[in-house]
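The values are calculated or read from the model by the stated rules, or taken from the named source; none is laboratory data. What you see is a predicted model; the values in this text were computed from it and never measured. Backbone-built Cβ (ideal geometry, glycine too); neighbour counts: all protein chains shown.
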Amino acid sequence: MPPVDADRPIRVLVVDDDFLVREAIKAMLQPHPDLEVVGTAADGMDAVAQARATRPDVVLMDVRMPGMDGVESTRALLGQVDTQVVAMTSLTTSETVWRMIDAGAYGYVLKDDAPSELAGAVRTVARGDAFLSPRHTRELLERSASDTTADTRRSAAELFDRLTDRERDAARLVAAGASDGEIARTLHVALSTAKAHVQQAREKLGVRNRTQIAVIVERAGQTPAT
């Protein structure tokens with residue numbers, strides 16, 4: 001999905017089975033003129049239908065819902081609509097978060113994050129960058145690496161070995177949370193070159209987004225650059 005046109009508001013769909021949570025998130029985003037909540041959904045089936053109808057730029061998706069949960073909803077939704085999904089959770093170390101990322105979510109936020117952080121996450125994802133809640137990013141990435149099987153780690157290492165040296169450097173920086181501009185400055189290359197390295201790494205690793213790049217880097221045992 002290409003970055004959102006800066007001349008119009010970012011269209012947001014809010015999905016949560018709790019009415020009060022949906023209303024609270026709408027209220028947190030409403031003061032921001034560059035963000036527009038175009039719809040809300042109470043479950044996974046409704047989320048897919050609403051996304052098809054409203055074509056949001058970003059979907060804030062509750063992880064735990066009865067029936068079709070956030071993981072199933074994300075897979076179904078991304079198979080039908082060109083959008084980005086951000087997982088919302090109250091759990092900071094849940095394996096479900098990683099299932100969301102594997103399903104194609106572009107990151108996650110905690111439900112008790114500050115309103116400014118939630119708005120920032122929407123903006124970050126809308127412009128094509130991944131967002132992981134800063135408070136627990138490192139803990140979750142490390143847990144992902146430690147909880148995976150030997151076969152999964154070996155597979156990740158084999159994928160990582162397919163990258164060129166520059167693509168590996170870019171992938172490590174992505175896992176460290178660097179933006180394309182920061183990658184360009186660190187590698188001393190043009191911004192367009194940095195973006196190309198990230199894109200080529202994503203394609204060679206066979207993943208959908210930068211968050212999934214970070215997971216493979218960790219599973220391959222590659223310490224992100226700092």
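Listed here are the residues, each with its yes/no results for (1) among the β-branched types (V, I, T); (2) within 20 Å of G128 (Cβ to Cβ); (3) surrounded by fewer than 24 Cβ atoms within 10 Å (Cβ to Cβ); (4) in contact with an Asp or Glu (Cβ under 8 Å, 6 or more places away or on another chain).
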residue	(1), (2), (3), (4)
V58	yes, yes, no, no
D62	no, no, no, yes
P66	no, no, yes, yes
G70	no, no, no, yes
L77	no, yes, no, no
V85	yes, yes, no, no
S90	no, no, yes, yes
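Restricting to region 118-156, name every residue that is modelled with pLDDT of 85 or more and polar (S, T, N, Q). Full working, then the answer.
Here is the first cut: in region 118-156, the ones modelled with pLDDT of 85 or more are 118-126, 154-156.
Selection gives T124, S155.
Just checking, which of P115, P31 is in contact with a Pro (Cβ under 9 Å, 6 or more places away or on another chain), surrounded by fewer than 24 Cβ atoms within 10 Å (Cβ to Cβ) and modelled with pLDDT under 90?
Values: P31 fails: modelled with pLDDT under 90.
The conditions single out P115.
Do any helices (runs of 4 or more DSSP H) entirely within region 148-226 hold 3 or more residues that are within 25 Å of T124 (Cα to Cα), and if so, which? Let's see the steps before the verdict.
Details: elements: 150-161, 165-175, 180-187, 191-205, 210-219.
Filter on region 148-226 gives 165-175, 180-187, 191-205, 210-219.
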